[in-house]
Amino acid sequence: MTFRIRPAMLKMAAAAWLLGATGAMADTTLEFTQWWEPELPAGSLRKIMDEFEAANPGIKVTLVSGPYATTRDQISVGAATGTLSDVVGLDGAWVNNLNAQNALADMNRMMDASGFDKSQVADIIKVDGKAVMFPVASFVYPVFVNMDLAAKAGVSKLPSTRAEFLEAAKKMTHADKNQYGWVLPLSLQTPSGVQNDMMSWVWASGQSMMANGKPDLEGKPVVDMLSFVKSLNDAGTISPGIATKTEQEKVEEFVNDRVGMMIDSLAHVNLIRKRNPKLNFDLIPVPVVENYNGKRGLPYASWGIGISAGSKHQEEAWKLVQFLMSEKVNAKLVSLANAFPGNVNAKPDFVTSDKAFAKAFEIFKTGYLANEFTGLPVAEDLMTQFDVEAQKMLAGEQSPEQAAANAQKGWMAKF
Amino acid sequence: MTPQKRSHHRLKRAVAPYLYLSPSLLIIGLLMLLPMVTVIAYSFQNSAVLRRDPSFAGLKHYQAIFADPVFWASLWHTLYFTCMSVVFHMTIGMVFALMLNSDRINPTLRNILRVLYILPWLFTAVIIAVIWRLLLEPNGVVNSILMQMGIIGSKVEWFSSPETALHAVTFANIWAGYPLFMVSLLAGLQGIPKDFYEAADIDGAKAYQKLIFITIPQLMPIIISISLLDFIWTMQVFPLIWITTGGGPIYSTEVLSTYTYKLAFSSYNLSQASASAVVILLISLGLTLFYIRYQKAR
């Protein structure tokens, strides 16, 4: 029996080969999970991805977007099941857990291999020596001051030290008119008030809540901060309802002229203006301890970025990270987000067009980003524990020293 | 019919009910039993969900939660919150149902009251939480009215004070939940034969005697059924407490649901959270079995 190859079979074989060849040359598709897209103007992140795709032929990016909390849960589960996206949006509070799960790639190797200029980035978050996250955009937390209330209260010089802040808060407080000097949100639902509204006082003075990589809550900086907050509370300058107040309510009280000063994210500037266009406010750095003249730590929250350790396209993922951290792209992204850049050379356009942002940018440039919760294990749980002890202190159940000692005990168990 | 055909027919008849049931059994298995078994399995593992190769932990996580004073405080708060809610849901529901069933009230007014009384039931837990947060905030309406009436001398931080927070969230839950009782009891009241009351009138019974000896005994099956269901549901209330107080201040409103949530999503201790969830499951299961036995006995 003879076997004859028919022309039709040849054609089929050729077609199959072509299909295989094109398959081999197919685009690499990167999955990028983040919560940023819903928080940016519609379509803007996709547009940046399109630019990346145009600059990197053969790489496509699929955006997996959702609200912050959903993204957090999705990333936790993805890390556990090995289904984490190639590139992931990160919050500093998550990285320790994700690193413990070996879910994040060490970007040191990629930086070295590609000759990446490390001096251009504002920060590199490292856990156990592994570079696991870059802050792409930072939302700093200065003090917002209601200038009309300050003027009415006779506060002519905005506070620069804690003592001046206490005095200003006392002057602005008129409990009979539901008006208070300061607002402190310590709801256990979102205990971020510990980070943004309490520890920020420690970091502002160049101090730390840590020593040798371990909690140092019984140290002078934290005990002094607790004593200071207690003195504000004892003086009746803090708006009531501290233990259940959330960040949104804090902003709401400031918008409605009910508090004179608050520590808040710069990201809320536009929201505050929208809610009360007549509100006359200014921004100042978080006041420091007496006689401190060093650089001020500026509390911040960030949109971080990292690469999955299980990604099969780490080389391409690194290209995307570099792209987002590059001067021009970073400036564009943070301009859209009203945030400060992760690339130190990037200058967002709003700092020249808006007075409040320009002032905040000055504060940002003269200080340094400080958030010691970034990279800590179960950061939110640590905040909750500290929150409970602070609430007990404010309820008069314990002294600042006891609150610090109890929180230290709780934190050590987590380390 | 041959013996073979007969046995085939018998087999078909025996299998048929299971075939009819199979879609619902499959859904129950996938949506209820599988997650339940998974959570029970997690409670016996170390680093459940977070590690790909979790090790066997035995009863470690159960021991840990039983040794945690916050767990026992949560259990006590849950019981207080649930018992108070059920008792007041029943009492308010009964009073309103009697009012709406009474012939002494003008029909137009009765219809208006019927709509007003059922309103809390139409709101979601989030809306209820927001309403009560606004009403009970230190500068809110409630404090303002109470101060004007001279009942309180200074602003009370209802949700932010450890002394009042648990009572405040319980109050909000009572407000939100009584319409279930009201509607059920109203239906029950309308089903009681008028003859009973006419006979009682002939015997010269007073209003309270009619209530004690006719109305309540007649409504007892509904009262017990709804109370048990309400107990099971209230025990698992989460959004109302989470949004109003977050389990605080300190731990004064921590209940089993918020305790479990914090273990899972704040501490990322999903094994211990699973153990806590299993404890809630066991309590709910006990109550459910009691409810089923009661229903069967009827």
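The residue of the stretch B:99-154 that is modelled with the lowest pLDDT, among those that are open to solvent by less than 70 Å² (accessible area, probe 1.4 Å) and more than 31 Å from the chain's Cα centre (by Cα), is B:Ile105. When the stretch A:188-224 is filtered for residues that are within 14 Å of another protein chain (Cβ to nearest Cβ) and in a loop (DSSP other than H, G, I, E, B), the ones remaining, listed by number, are A:Leu188, A:Gln189, A:Thr190, A:Pro191, A:Ser192.
When B:Ser160 is tested against (1) open to solvent by 60 Å² or more (accessible area, probe 1.4 Å); (2) assigned to a loop (DSSP other than H, G, I, E, B); (3) in contact with a Gly (Cβ under 8 Å, 6 or more places away or on another chain), just one condition goes unmet, and that condition is (1). In the stretch B:248-263, the qualifying residues are those that are touching a helix residue (DSSP H, G or I) at 6+ places or on another chain (Cβ under 6 Å) and either of a type in the set (Phe, Trp, Tyr) or surrounded by fewer than 19 Cβ atoms within 10 Å (Cβ to Cβ) (or both), and the one that is farthest from the other protein chains (Cβ to nearest Cβ) is B:Tyr259.
With respect to B:Thr82, is the statement that it is among the β-branched types (Val, Ile, Thr) and crowded, with 19+ Cβ neighbours inside 10 Å true? Considered against the rule, which asks whether it is among the β-branched types (Val, Ile, Thr) and crowded, with 19+ Cβ neighbours inside 10 Å, B:Thr82 comes out as yes. Only helices (runs of 4 or more DSSP H) whose full extent lies in the stretch A:260-375 are considered here, and the ones with at least 1 residues that are free of Cβ contacts under 8 Å to residues at least 40 places away in the same chain and open to solvent by less than 50 Å² (accessible area, probe 1.4 Å) are A:327-337, A:350-353, A:355-366.
Does A:Gln402 qualify as being closer than 27 Å to A:Gly304 by Cβ, outside the structural domain of A:Gly306 (by TED's automatic domain parsing) and either touching a helix residue (DSSP H, G or I) at 6+ places or on another chain (Cβ under 9 Å) or open to solvent by less than 10 Å² (accessible area, probe 1.4 Å) (or both)? For A:Gln402, the condition - closer than 27 Å to A:Gly304 by Cβ, outside the structural domain of A:Gly306 (by TED's automatic domain parsing) and either touching a helix residue (DSSP H, G or I) at 6+ places or on another chain (Cβ under 9 Å) or open to solvent by less than 10 Å² (accessible area, probe 1.4 Å) (or both) - is not met. Given the criteria open to solvent by 20 Å² or more (accessible area, probe 1.4 Å) and either farther than 18 Å from B:Gly248 by Cα or touching a residue at least 60 places away in the same chain (Cβ under 8 Å) (or both), does A:Asn212 qualify? Criteria met by A:Asn212.
Of the residues that make up the stretch A:174-187, is at least one farther than 30 Å from B:Ile241 by Cα, away from chain B (no Cβ under 12 Å) and not in a loop (DSSP other than H, G, I, E, B)? Checked the stretch A:174-187: at least one residue is farther than 30 Å from B:Ile241 by Cα, away from chain B (no Cβ under 12 Å) and not in a loop (DSSP other than H, G, I, E, B). May I ask you to list the residues in the stretch A:340-399 that are of a type in the set (S, T, N, Q), within 19 Å of the chain's Cα centre (by Cα) and within 14 Å of chain B (Cβ to nearest Cβ)? Selection gives A:Thr384 alone.
If you filter the stretch A:70-84 down to residues that are farther than 17 Å from A:Val132 by Cα and of a type in the set (S, T, N, Q), you find that the one that is nearest to the other protein chains (Cβ to nearest Cβ) is A:Thr81. Looking at the stretch A:111-171, the strands (runs of 3 or more DSSP E) lying wholly inside it that each contain 2 or more residues that are touching a residue at least 40 places away in the same chain (Cβ under 8 Å), more than 22 Å from A:Glu247 (Cα to Cα) and within 17 Å of the chain's Cα centre (by Cα) sit at A:125-127, A:130-140. Taking the conditions (1) within 30 Å of A:Trp201 (Cα to Cα); (2) in contact with a Gly (Cβ under 7 Å, 6 or more places away or on another chain); (3) surrounded by fewer than 20 Cβ atoms within 10 Å (Cβ to Cβ); (4) of a type outside the set (S, T, N, Q) in turn, A:Ala151 satisfies each one other than (2).
Could you tell me whether the stretch A:60-67 includes any residue that is within 11 Å of chain B (Cβ to nearest Cβ), closer than 22 Å to B:Val49 by Cα and among the small types (Gly, Ala, Ser)? So far as the stretch A:60-67 goes, no, none of its residues is within 11 Å of chain B (Cβ to nearest Cβ), closer than 22 Å to B:Val49 by Cα and among the small types (Gly, Ala, Ser).
Each row is one residue, and each column tells you yes or no for (1) in the same structural domain as B:Phe231 (by TED's automatic domain parsing); (2) touching a helix residue (DSSP H, G or I) at 6+ places or on another chain (Cβ under 6 Å); (3) part of a helix (DSSP H, G or I).
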{"residue": "B:Ser22", "(1), (2), (3)": "no, no, yes"}
{"residue": "B:Leu30", "(1), (2), (3)": "no, no, yes"}
{"residue": "B:Ser47", "(1), (2), (3)": "no, no, no"}
{"residue": "B:Asp53", "(1), (2), (3)": "no, no, no"}
{"residue": "B:Phe71", "(1), (2), (3)": "yes, yes, yes"}
{"residue": "B:Ile92", "(1), (2), (3)": "yes, yes, yes"}
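Filter the stretch A:77-110 for residues that are more than 21 Å from A:His313 (Cα to Cα), touching a strand residue (DSSP E or B) at 6+ places or on another chain (Cβ under 8 Å) and part of a loop (DSSP other than H, G, I, E, B); which is least open to solvent (accessible area, probe 1.4 Å)? Out of the qualifying residues, it is A:Gly92.
The values are calculated or read from the model by the stated rules, or taken from the named source; none is laboratory data. What you see is a predicted model; the values in this text were computed from it and never measured. Ideal geometry is used to build each Cβ from the backbone, glycine not excepted, and the neighbour counts take in all protein chains shown. Remember, those area values only see protein heavy atoms, side chains included, never the ligands or the DNA or RNA. Shrake-Rupley method; radii C 1.70, N 1.55, O 1.52, S 1.80 Å.
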